[in-house]
Protein chains: 2
Amino acid sequence: MDAEQFREFGKAAVDYIADYYETIRDRPVLSNVEPGYLGDLLPKDPPQSGESWRDVLEDVDRIIMPGITHWHSPHFHAYYPTAQSFPSVVGELMSAGFGVVGLSWIASPAMTELEVVMMNWLGRMLGLPEQFLNCSEGPGGGVIQGSASESTYIGLLAAKDKKVRELMETNPSLTEAEIKGKLVAYSSDQSNSSVEKAGLLGSMKMRLLPTNSEGQLVGAALQKALDEDKRAGLIPCYVVANIGTTPTCAFDNLEELGPVCNKENIWLHIDAAYAGSAFICPEYRHLMKGAEMADSFNFNPHKWLLVNFDCSAMWVRDAKYLVEAFNVERIYLKDQHKGLAPEYRHWQIALGRRFRALKLWFVLRIYGVEGLQKHIRGQIALAEYLSDLVKSDNRFELCTCSMGLVTFRLKGEDSLTEKLLEDISKKKELFLVAGHMNHKLVVRYAICSRLTEKRDVDFSWRQIIETAEQIIPTPKKSLTKSDKQIHPVLNINCINPNLEKSK
Amino acid sequence: MDAEQFREFGKAAVDYIADYYETIRDRPVLSNVEPGYLGDLLPKDPPQSGESWRDVLEDVDRIIMPGITHWHSPHFHAYYPTAQSFPSVVGELMSAGFGVVGLSWIASPAMTELEVVMMNWLGRMLGLPEQFLNCSEGPGGGVIQGSASESTYIGLLAAKDKKVRELMETNPSLTEAEIKGKLVAYSSDQSNSSVEKAGLLGSMKMRLLPTNSEGQLVGAALQKALDEDKRAGLIPCYVVANIGTTPTCAFDNLEELGPVCNKENIWLHIDAAYAGSAFICPEYRHLMKGAEMADSFNFNPHKWLLVNFDCSAMWVRDAKYLVEAFNVERIYLKDQHKGLAPEYRHWQIALGRRFRALKLWFVLRIYGVEGLQKHIRGQIALAEYLSDLVKSDNRFELCTCSMGLVTFRLKGEDSLTEKLLEDISKKKELFLVAGHMNHKLVVRYAICSRLTEKRDVDFSWRQIIETAEQIIPTPKKSLTKSDKQIHPVLNINCINPNLEKSK
């Protein structure tokens, strides 16, 4: 394919994507295919001779699209959001177009340097403690990782390496294997599966500590576990605090956990994967008070900040601990710029890296801080709107409402809520998943798509109560009145109407 | 930004990329910027209000492009190639456009299923042993990882978990920590830095064994190391065989290593990151004889098969060992399709995954097997052409020529070759890096860009001998005659001229 054909194919693909978003509201959010559907539609081997791009694009529509779960449908409310925006898509396009791999500064200076500046921009937008920024005097800095899973794991590996070095110096009688066998990590029982996986992959015992009734890990629970473990001869090494848990978006108490970790010389990692984006709005920053006591901080612009997956922002208070844990030099990677610009390969697992700072730059500039704040505030308002609807119906119990996530259940046995979820799933018009709150089954309803509006929340609620009626047939309340009273301002039609028009 | 503005911006970006490739030959391959250049050109904070996409695109040209090292310039000969092709760029664009995250089958069935089929297509194209394929009867299968670094590391983690489980069952007196402290991994002293990094991150001693004078690891060297370690009470666990080493593209002897690993019950991982792509040409498959004895096999279509980074293909003989090592379940990830379609999140480090199979599908279809074979054969022919040029000049010593990689040096002290590389780098018209071969410094010259033609190799050679002349001023030979005699067929102008025109 030459450049001229690429112009045709690329532009046809741009149109296909634009058309897709213009029709996404009308598509059932969940796919209707059965496992194995695609194997039957494709040949067993690739073609010997090349085919036309038009045939390929037609097949995308014919056989791929039916197997897509529409994450950006306004009716997608499962998990947490994955971000998508047009500026970000173009950023990915250009990154692929340049096709550079940032295995060192010289391998494309702009790639390392834009990442440095973008991590500063982001850190300042969030009001992060200065010590984490590349632009600070100290040894801190930020880097783009692939996912929060990776960041949690990288934090664990760095913490382990640091602890082993320290103990081998202070206790020369201990062997490396003895130390490693005694290390313990801590997080809460509300943590994402990736936290447990980090322990599993990093061969470190991961204790998931009990939380309070709000799903938060507090200082006393951590201190108790540390004391138990130290008495048993174990070595506390790593704590993952959740700033926005996966089940209910609860916030661990950093102001209590921080001093415990600092006193005990334990690496504190903050996993703010989803909720971290909210800190671009100053009114939410109180939720990260205590972050200055952490050793690493991570959130995913690819979740809630309109930057396409993958773009996970990680900062460390002292980059030395990453480099010491990850650095393996070779002559073919030698260049003259060490120390003047970070060599990010020593901050991550893989050697190669994509030019991910580009899409971040596009999003931050084309939306601007205000556009992104409007997005976050709009989604939180929609979640509050749903929570009011839930409260207005006495068959339901509102469990939590935090940021863009609402959890609720049908009053009574878990089996009722389970049936509700099952029946909704069958219709494929809403995508919701289950969660647990205080040992009870709940529906997790997250505002995910940037396209979700008040009318979509109303659509959800109608689906939910119509389905509930089949399970507990009691007369439903009229919604029209309450919703008008409670949310007079919620007739927003897009994230940032002015921006959508003007840019 | 709405869909209409995206159409404009996206198409402008497509044109920008097409223009870039139409002018790439004329750009100096190496960037001229100094470390820190970009920080001075950008504001300290993101804009409060959104900006126009036109301003952003202009800035890409004004401040990013000068800091790009042109990996796809026909004059880029450093490292190994990173792949780029227009079908692949459109694949990335569409993947970002759909913006789905494959954390489970239901999260987008097409994403998992296309990956299954593509890994079968690829495996069959390479002539891989059937046991590795998803479509085989057995428990084997393939998955797309981010990089060879990741694959090597994942193999190590799976091997470690398998060995610990086995030993804890057969030797209940051993603790997990004792076993882990005794595990040893092996590779050769020619391995990529990522192999050593896998040992470092996975807390497993990594022994880099001596190779023969051709840079190959052979069975006797491995057996000797295993015997030593077993005598010392250690537990051999993992071997990484290089099929195409980074310094010289040497091939370890799989027919010798395989039986040793099988007999000793050691996980054998094959790292064919670069050279694996050549196995789509049957004439090179003899170099992977013995692969049927391996537990895992990895190569990077993102290196030499025209699929953009990241797309690293990994197969395992028994996927159970990945799932056992990596599986951490949670209720919000529960779905009904387990067993019917692979849940790839248990085959990798992170939870989330991009839709990378799409670009692979685009490339395989639009190039076809023959188009890709022509690409591989064309690049090997160009490397052979350069090696003949080197041989024709008696100031130079040809060290190796394997696949698309040639290594050579100026006869005499290393300082001469070092000076040669330094002086060439200063001109920024060629990008070459240093390597070592039998403790001597060599120039590594890889055919990287899909745009490199015979005239570009001639250009390189002229630069090399002109620079060499400043160092060892002896009369140069006439090149015109020998090149015409040796390579009558090398007047190819693109990978696949027919394909370029017709598709």
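Observations, loosely collected:
- Some residue of region A:243-254 being at pLDDT below 95 and of a type in the set (Gly, Ala, Ser): no
- Evaluation of A:Val164 against (1) at the interface with chain B (Cβ under 10 Å from one of its Cβ atoms); (2) surrounded by 24 or more Cβ atoms within 10 Å (Cβ to Cβ); (3) aliphatic (A, V, I, L, M) (one fails), failing number: (2)
- Scanning region A:122-140 for residues that are at the interface with chain B (Cβ under 9 Å from one of its Cβ atoms) and within 21 Å of the chain's Cα centre (by Cα) gives A:Leu122, A:Arg124, A:Met125.
- Set side by side, the residues A:Ala177, A:Ala185, A:Ala148, A:Ala198 differ, and just one is more than 20 Å from the chain's Cα centre (by Cα), surrounded by 21 or more Cβ atoms within 10 Å (Cβ to Cβ) and within 26 Å of B:Ser149 (Cβ to Cβ), which is A:Ala185.
- Of all residues making up region A:184-218, the number that are acidic (Asp, Glu) and either at the interface with another protein chain (Cβ under 10 Å from one of its Cβ atoms) or farther than 17 Å from A:His439 by Cβ (or both): 1
- Where a residue in region A:17-37 is under 13 Å from B:Phe98 (Cα atoms) and its partner, wherever it lies, is of a type in the set (Lys, Arg), with Cβ under 6 Å and at least six apart: A:Ala18/B:Arg7
- From A:Lys503, A:Lys481, A:Lys426, residue being modelled with pLDDT under 95, crowded, with 19+ Cβ neighbours inside 10 Å and not small (Gly, Ala, Ser): A:Lys503
- Complete set of residues in region A:366-398 that are assigned to a helix (DSSP H, G or I), among the basic types (Lys, Arg) and in contact (Cβ under 8 Å) with a residue 60 or more places away in the chain: A:Lys374, A:Arg377
- Filtering region A:451-478 to residues that are at pLDDT 95 or above and part of a loop (DSSP other than H, G, I, E, B) leaves A:Leu451, A:Thr452, A:Glu453.
- Residue match in region B:170-183 (condition: more than 9 Å from every other protein chain (Cβ to nearest Cβ) and within 16 Å of B:Leu268 (Cβ to Cβ)): yes
- Residue-level check: of (1) of a type outside the set (Phe, Trp, Tyr); (2) surrounded by 22 or more Cβ atoms within 10 Å (Cβ to Cβ); (3) under 22 Å from the mean Cα position of the chain (by Cα), A:Glu453 misses just (2).
- Whichever residue in region B:307-330 is basic (Lys, Arg) and more than 8 Å from chain A (Cβ to nearest Cβ) and, among such residues, is nearest to B:Gln84 (Cα to Cα): B:Arg317
- Evaluation of A:Pro109 against the conditions (1) at the interface with chain B (Cβ under 8 Å from one of its Cβ atoms); (2) surrounded by 21 or more Cβ atoms within 10 Å (Cβ to Cβ); (3) under 24 Å from the mean Cα position of the chain (by Cα) shows that the sole unmet condition is (3).
- Test: A:Glu137 is of a type in the set (Asp, Glu) and in a loop (DSSP other than H, G, I, E, B): yes
- Every listed requirement among (1) polar (S, T, N, Q); (2) farther than 19 Å from A:Ala96 by Cβ; (3) at the interface with chain A (Cβ under 8 Å from one of its Cβ atoms); (4) touching a Pro at 6+ places or on another chain (Cβ under 8 Å) is met by B:Gln5 save one, (4).
- Matching residues, region A:355-378, being crowded, with 24+ Cβ neighbours inside 10 Å and either in contact with a strand residue (DSSP E or B) (Cβ under 9 Å, 6 or more places away or on another chain) or more than 23 Å from A:Glu92 (Cα to Cα) (or both): A:Arg356, A:Ala357, A:Leu360
- Within region A:8-34, considering residues that are within 7 Å of chain B (Cβ to nearest Cβ) and farther than 24 Å from B:Ile17 by Cβ, the one surrounded by the fewest Cβ atoms within 10 Å (Cβ to Cβ): A:Glu22
- Filter result for B:Val143 (more than 10 Å from every other protein chain (Cβ to nearest Cβ), modelled with pLDDT of 95 or more and touching a Lys or Arg at 6+ places or on another chain (Cβ under 6 Å)): no
- Among the candidates B:Val307, B:Val328, residue that is in contact with a helix residue (DSSP H, G or I) (Cβ under 8 Å, 6 or more places away or on another chain), part of a loop (DSSP other than H, G, I, E, B) and surrounded by fewer than 21 Cβ atoms within 10 Å (Cβ to Cβ): B:Val328
- Taking the listed residues A:Val56, A:Val90, the one that is under 23 Å from A:Thr452 (Cβ atoms), in contact with a helix residue (DSSP H, G or I) (Cβ under 9 Å, 6 or more places away or on another chain), facing another protein chain (nearest Cβ under 8 Å) and modelled with pLDDT of 95 or more is A:Val90, with no other qualifying.
- Residues (away from chain A (no Cβ under 13 Å) and either free of Cβ contacts under 8 Å to residues at least 12 places away in the same chain or among the β-branched types (Val, Ile, Thr) (or both)) located in region B:237-253: B:Val239, B:Val240, B:Ile243
The values are calculated or read from the model by the stated rules, or taken from the named source; none is laboratory data. These numbers come from a predicted model, not from an experiment. Cβ sites come from the backbone with ideal geometry, for glycine too, and all protein chains shown count toward neighbours.
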